[in-house]
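Chemist: A single structure is presented below for examination.
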Amino acid sequence: MRMIALDRPDDPERFYQHAAALIAEGETPERVGWSVGAAGDLFASAAPAPRAPWRGEKHFTAALLHRAESRFAMVYRALWRAARDPRFLQNPADSDVRALKKLEGEARRDIHKMRAFVRFRELGDGAQARFLAWYEPSHYTLRANADFFARRFANMRWSIVTPELSAHYDEGEVRFAPGGARGDVPADDARDEDWRTYYASIFNPARLNLAAMQSQLPKKFWRNLPEAQAIPALARAAQNRAEAMIATPPTPPRFSLSRPPAPQSEAPADASDLADLRAQLACCEKCPLHRDATQTVCGAGPARAQLMIVAEQPGDQEDICGAPLVGPAGKVFDEALRRVGCVRAEIYVTNAVKHFKFTLKGKRRIHAKPSVGEIDACSWWLHREIELMRPKIIVAMGASALRGLTGQTLSVRESRGGLIELAENRRLLATTHPAYLLRLEDEQEKRLAWRAFLDDLTQAVKLAE
Amino acid sequence: MGSNIRQKLAILADAAKYDASCASSGGAKRDSRGAKGVGSVNGSGICHSYTPDGRCVSLLKILLTNYCMYDCAFCVNRVSSNVRRARFTAEEAAQLTIDFYRRNFIEGLFLSSGIIRSPDYTMEHLIETARLLRETHQFRGYIHLKAIADADPALIARAGELADRLSVNIELPQEASFKTLAPEKQFSTIRKSMASIRGQIDNHAAEKSARKRRFATGQSTQMIVGADSTDDSTILRTSAMLYGGYRLRRVYYSAFSPIPDASAALPPRAPPLRREHRLYQADWLLRNYGFSIDELTQATDGGMLDLDLDPKTSWALKNRALFPVDVNRAPREMLLRVPGLGVRAADRMIAARRHAALRLDDISRLASSVKKLLPFITALDWTPGATLDSERLMQKLRPEPRQLDLFACA
């Protein structure tokens, strides 16, 4: 039997060095025994235990911080097996893996609980202040946790004292020293009473659930938590407090209420200009799309614009920021405008449908095509926009815009590039929607579609002059 | 700290406790090394204590003031309520946060407020508290700020630069309820605020320089359950819309709880807390298990989730034709639909079955309880036979009546 005596119970690095040497020497797990400190001396050979650098991943380091004495043997056994065939490490049903995962889970929980339940007491004040905590971990977790506290309280002088080890931090350095006793740390702190006040006030007596509390905060932690002494009294009084709240009839307000006026949602009756139109549009309930959309997305651009662009409907991004054509299709549109030398700020851009229509797919809102009914309901607004704007030329991008403007279902493929005469001598030019250009995958097809789109825009810009 | 502060703390914490959110997770990682103050955020949150209601205490959750000009019937702080009122100055709230933080009582601050004078005025005071913490105290811990729905978007943007999380509480699950219970608020305004926050979060996340990227990493909201007559499927549908539209990290459900000096417009009794629990379970299925809102609606009975059965079991019982699921072959998304099988157990099974075909024995080691799975799975040495078709399966899965009593006080 090879007995390996480790200096410290919480030194995974050293353990791995021994393991590396032992595996290289071919020591089977059955032939190796592990101990911490002097206990191993009885069996230890005079020579110091062999060490070698550990190459590769360090598995189960958290398990090595567990208090179980068998932890070293268990991890060594797993490392020995892994040196021959590491595949079992990926098998959660393997009994060694399961046992070690369990140890790891318990040690990690202990690390987490220490981060949660350490309570510092302030000693002295101002620049001289020191913060001391007494804590009783279940496993050998203080050393592994010290870095967390050093990062969090980098500009405090603090000490965490446990029965077996203490950590002292000052000026960026953590120093470890032997453990101490509860009496080494002040029992109280000036803020304890405030903390208990907070604890008692944030508790809702109508929801008393001691079982849920104790599953997260078992009694073994209570003696070191200043707030825990309030628990029994809070729990006792809870039932009565909740019943009293229900039994007490509502009291009339002590003063007469002068209510602030409800927010104005009334739209102006008549839209004499674009601003009025926008205000009216914001309250539109002509079709069900307003229910799920964030907001109406109105047209944008100068009232004097001679070129009016009509796209289909707002998409996800337009719905979020409330402006038309700003999403991916909007980017394509802007690029096209740039190429034909047109400035977006000088044209008016709007949609045939003013609310975003979508279906939910997981956490995404997927664009859904507006129905003819929805387009027709919304065309009332579109025509009001045209009446107020009186643009020289209107460009319909895509089938929905064509429908909204003409009231007819026309094919974009057949209509594009040609002028359509609308009532009151208005002229309409049909073209594709920029989203169509985004969807095309065939390079040749894409080039042709882009060309046609740019030609249409160029023609529209000329007609607007 | 004077007793005056302590009295204010008692009032302003009491006023904040009906907000269910306490999470301190999901912030951008940072710490106080090389800085002047204290604080760190390491991604996953920490619960520093638990109150006797079983809820986690992670943040100092307070209102800056519980004076409020609105009259929302469900709220303990409504203008017509006779509760005691108090107001912290920004300095007091910031100092209290630092004092608690240095003792490791908390992860940071969750600050909300009643609306005083105007939404902008209120928002400015919330921002000032966060600014003091970040700039004067050089605080690097977690800050969650309430975004006041009608406040100027520029103020919301400033709040986002200082906070890790923003939230606008929608409170009521449908538009119609606002008219009766929260007459001064509007569903559409709240939705627009959430959209504006999402837009700002997205824009900052797309920034190249780390300094410009610094912004809240998420938003959440809360809905009160049982103060109005909205059913569960409508509540869940609203949640799905909020997750999809505004990328909320969480929707919190808060079973309407009896409050001191309640409004006569409210039901006097609280809804069963188990209803809130079932909604959380259904919400979880929506976010992490690939369930669609239509499937969840299917799991309800006339719009309400079964209080005795978890939503996944309810759904499975209505879709028995999809079961049993072969644990050795089924894709992950189908494993996740087995009642009693969680994400971790499903992933462990997928890893383990690459090594050897799974038997019941293996499954009992990989899942927390094998008994619940039995009617819904097949394994190398197990088929459920006729149990799945049995009319009595629903009764078998329901908890015993005695257990119900145990739950009743939970």
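The values are calculated or read from the model by the stated rules, or taken from the named source; none is laboratory data. No experiment lies behind these values; they were computed from the predicted model shown. Glycine also receives a Cβ, built like all others from the backbone with ideal geometry; neighbour counts cover every protein chain displayed.
Chemist: Going by what's in this entry, would residue B:46 be described as under 23 Å from residue B:146 (Cβ atoms), more than 7 Å from every other protein chain (Cβ to nearest Cβ) and aliphatic (A, V, I, L, M)?
Modeler: Working: under 23 Å from residue B:146 (Cβ atoms): yes; more than 7 Å from every other protein chain (Cβ to nearest Cβ): no; aliphatic (A, V, I, L, M): yes.
Spelling it out, it is not the case that residue B:46 is under 23 Å from residue B:146 (Cβ atoms), more than 7 Å from every other protein chain (Cβ to nearest Cβ) and aliphatic (A, V, I, L, M).
Chemist: Sticking with this structure for a sec: When the residues of region A:172-183 are narrowed to those that are within 19 Å of residue A:156 (Cα to Cα) and surrounded by 12 or more Cβ atoms within 10 Å (Cβ to Cβ), which ends up farthest from the chain's Cα centre (by Cα)?
Modeler: Just the residues of region A:172-183 that are within 19 Å of residue A:156 (Cα to Cα), to begin with: A:172-177.
Now restrict to residues that are surrounded by 12 or more Cβ atoms within 10 Å (Cβ to Cβ): A:174, A:176.
Working: A:174: 33, A:176: 37 Å.
Ranking the candidates gives A:176 first.
Chemist: Looking only at residues that are of a type in the set (A, V, I, L, M, F, W, C) and either under 47 Å from the mean Cα position of the chain (by Cα) or modelled with pLDDT of 90 or more (or both) in region A:421-443, which one is nearest to residue A:389 (Cα to Cα)? If you could, list the steps in order and put the result at the bottom.
Modeler: Our first condition is that a residue be of a type in the set (A, V, I, L, M, F, W, C); within region A:421-443, this holds for A:422-423, A:428-430, A:435, A:437-438, A:440.
Among the residues that remain, those that are also either under 47 Å from the mean Cα position of the chain (by Cα) or modelled with pLDDT of 90 or more (or both) are: A:428-430, A:435, A:437-438, A:440.
Numbers: A:428: 14, A:429: 17, A:430: 19, A:435: 26, A:437: 28, A:438: 30, A:440: 34 Å.
Going through the qualifying residues, I end up with A:428.
A quick yes/no check of all residues on (1) on the phi < 0 side of the Ramachandran plot; (2) basic (Lys, Arg); (3) part of a helix (DSSP H, G or I):
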{"residue": "A:376", "(1), (2), (3)": "yes, no, yes"}
{"residue": "A:383", "(1), (2), (3)": "yes, no, yes"}
{"residue": "A:394", "(1), (2), (3)": "yes, no, no"}
{"residue": "A:401", "(1), (2), (3)": "yes, no, yes"}
{"residue": "A:417", "(1), (2), (3)": "no, no, no"}
{"residue": "A:436", "(1), (2), (3)": "yes, no, yes"}
{"residue": "A:447", "(1), (2), (3)": "yes, yes, yes"}
{"residue": "A:450", "(1), (2), (3)": "yes, no, yes"}
{"residue": "A:456", "(1), (2), (3)": "yes, no, yes"}
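Chemist: Can you find even one residue in region B:135-143 that is aliphatic (A, V, I, L, M), touching a strand residue (DSSP E or B) at 6+ places or on another chain (Cβ under 8 Å) and at pLDDT below 95? Full working, then the answer.
Modeler: Let us first name the residues in region B:135-143 that are aliphatic (A, V, I, L, M), namely B:143.
Within this subset, residues satisfying the condition of being touching a strand residue (DSSP E or B) at 6+ places or on another chain (Cβ under 8 Å) are B:143.
Next, from what is left, pick out any that are at pLDDT below 95: none.
Among the residues of region B:135-143, not one is aliphatic (A, V, I, L, M), touching a strand residue (DSSP E or B) at 6+ places or on another chain (Cβ under 8 Å) and at pLDDT below 95, which makes the answer no.
Chemist: Among the residues of region B:199-251, count how many are aromatic (Phe, Trp, Tyr) and away from chain A (no Cβ under 14 Å). Give the derivation first.
Modeler: Here is the first cut: in region B:199-251, the ones aromatic (Phe, Trp, Tyr) are B:215, B:243, B:246.
Of the ones still in play, those that are also away from chain A (no Cβ under 14 Å) are B:215.
Residues meeting the conditions: 1.
Chemist: So is residue B:330 out of contact with any strand residue (DSSP E or B) (no Cβ under 8 Å at 6 or more places or on another chain) and assigned to a loop (DSSP other than H, G, I, E, B) or not? Break it down into steps so the answer makes sense when it comes.
Modeler: Values: out of contact with any strand residue (DSSP E or B) (no Cβ under 8 Å at 6 or more places or on another chain): yes; assigned to a loop (DSSP other than H, G, I, E, B): yes.
So residue B:330 passes the test.
Chemist: Scan region B:376-395 residue by residue and report those that are under 32 Å from the mean Cα position of the chain (by Cα) and modelled with pLDDT of 80 or more. So that I can check it myself, show each step before the final result.
Modeler: The first filter runs over region B:376-395 and keeps only residues under 32 Å from the mean Cα position of the chain (by Cα), leaving B:376-377, B:394-395.
Once the filter is applied, which keeps residues that are under 32 Å from the mean Cα position of the chain (by Cα) and modelled with pLDDT of 80 or more, region B:376-395 yields B:376, B:377.
Chemist: OK, next. Got at least one residue in region A:250-259 being assigned to a loop (DSSP other than H, G, I, E, B) and either in contact with a helix residue (DSSP H, G or I) (Cβ under 9 Å, 6 or more places away or on another chain) or at pLDDT 90 or above (or both)? Reasoning before the result, please.
Modeler: Within region A:250-259, the subset assigned to a loop (DSSP other than H, G, I, E, B) is A:250-259.
Imposing the further condition that a residue be either in contact with a helix residue (DSSP H, G or I) (Cβ under 9 Å, 6 or more places away or on another chain) or at pLDDT 90 or above (or both) reduces the set to none.
Within region A:250-259 (the criterion being assigned to a loop (DSSP other than H, G, I, E, B) and either in contact with a helix residue (DSSP H, G or I) (Cβ under 9 Å, 6 or more places away or on another chain) or at pLDDT 90 or above (or both)), the answer is no, since none of the residues qualifies.
Chemist: Among B:36, B:17, which is within 30 Å of residue A:174 (Cα to Cα), at the interface with chain A (Cβ under 7 Å from one of its Cβ atoms) and out of contact with any Asp or Glu (no Cβ under 6 Å at 6 or more places or on another chain)? Walk me through how you get there before you give the answer.
Modeler: Values: B:17 fails: within 30 Å of residue A:174 (Cα to Cα).
Every option except B:36 fails the conditions.
Chemist: Name every residue in region A:285-307 that is charged (D, E, K, R), within 14 Å of chain B (Cβ to nearest Cβ) and either in a loop (DSSP other than H, G, I, E, B) or crowded, with 20+ Cβ neighbours inside 10 Å (or both), in order of residue number.
Modeler: A:285, A:292
Chemist: For residue A:107, indicate whether it is away from chain B (no Cβ under 14 Å), closer than 30 Å to residue B:356 by Cβ and in contact (Cβ under 8 Å) with a residue 24 or more places away in the chain.
Modeler: Details: away from chain B (no Cβ under 14 Å): yes; closer than 30 Å to residue B:356 by Cβ: yes; in contact (Cβ under 8 Å) with a residue 24 or more places away in the chain: yes.
When the stated conditions are applied, residue A:107 passes them.
Chemist: Of the numbered conditions (1) part of a helix (DSSP H, G or I); (2) within 14 Å of chain A (Cβ to nearest Cβ), residue B:368 satisfies every one except a single condition; which is it?
Modeler: Failing condition for residue B:368: (1).
Chemist: Would it be correct to say that residue B:264 is free of Cβ contacts under 8 Å to residues at least 12 places away in the same chain, within 12 Å of chain A (Cβ to nearest Cβ) and either under 26 Å from residue A:363 (Cα atoms) or outside any helix (DSSP H, G or I) (or both)? Before the answer, list the steps.
Modeler: On the way: free of Cβ contacts under 8 Å to residues at least 12 places away in the same chain: yes; within 12 Å of chain A (Cβ to nearest Cβ): yes; either under 26 Å from residue A:363 (Cα atoms) or outside any helix (DSSP H, G or I) (or both): yes.
It is true that residue B:264 is free of Cβ contacts under 8 Å to residues at least 12 places away in the same chain, within 12 Å of chain A (Cβ to nearest Cβ) and either under 26 Å from residue A:363 (Cα atoms) or outside any helix (DSSP H, G or I) (or both).
Chemist: Let me ask another. Can you tell me which condition residue A:152 does not meet? The list is (1) free of Cβ contacts under 8 Å to residues at least 12 places away in the same chain; (2) buried (at least 17 other Cβ atoms within 10 Å of the Cβ); (3) of a type in the set (D, E, K, R); (4) more than 12 Å from chain B (Cβ to nearest Cβ), and all the others hold.
Modeler: Only one criterion in (1) free of Cβ contacts under 8 Å to residues at least 12 places away in the same chain; (2) buried (at least 17 other Cβ atoms within 10 Å of the Cβ); (3) of a type in the set (D, E, K, R); (4) more than 12 Å from chain B (Cβ to nearest Cβ) is unmet by residue A:152, namely (4).
Chemist: Can I ask one more? Filter region A:86-104 down to the residues that are within 11 Å of chain B (Cβ to nearest Cβ) and not hydrophobic (A, V, I, L, M, F, W, C) and list them by number. Lay out the reasoning, then the answer.
Modeler: Restricting attention to region A:86-104, the residues satisfying the condition of being within 11 Å of chain B (Cβ to nearest Cβ) are A:87-95, A:97-99, A:101-102.
A:87, A:90, A:91, A:92, A:94, A:95, A:98, A:101, A:102 - these are the residues of region A:86-104 that are within 11 Å of chain B (Cβ to nearest Cβ) and not hydrophobic (A, V, I, L, M, F, W, C).
Chemist: Any idea how many residues of region A:178-230 are at the interface with chain B (Cβ under 7 Å from one of its Cβ atoms), over 24 Å from residue A:160 (Cβ atoms) and in contact with a helix residue (DSSP H, G or I) (Cβ under 7 Å, 6 or more places away or on another chain)?
Modeler: Number of matching residues: 8.
Conditions tested, residue by residue: (1) more than 22 Å from residue B:161 (Cβ to Cβ); (2) at pLDDT below 95.
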| position | (1), (2) |
| --- | --- |
| B:82 | yes, yes |
| B:85 | yes, no |
| B:90 | no, no |
| B:120 | no, no |
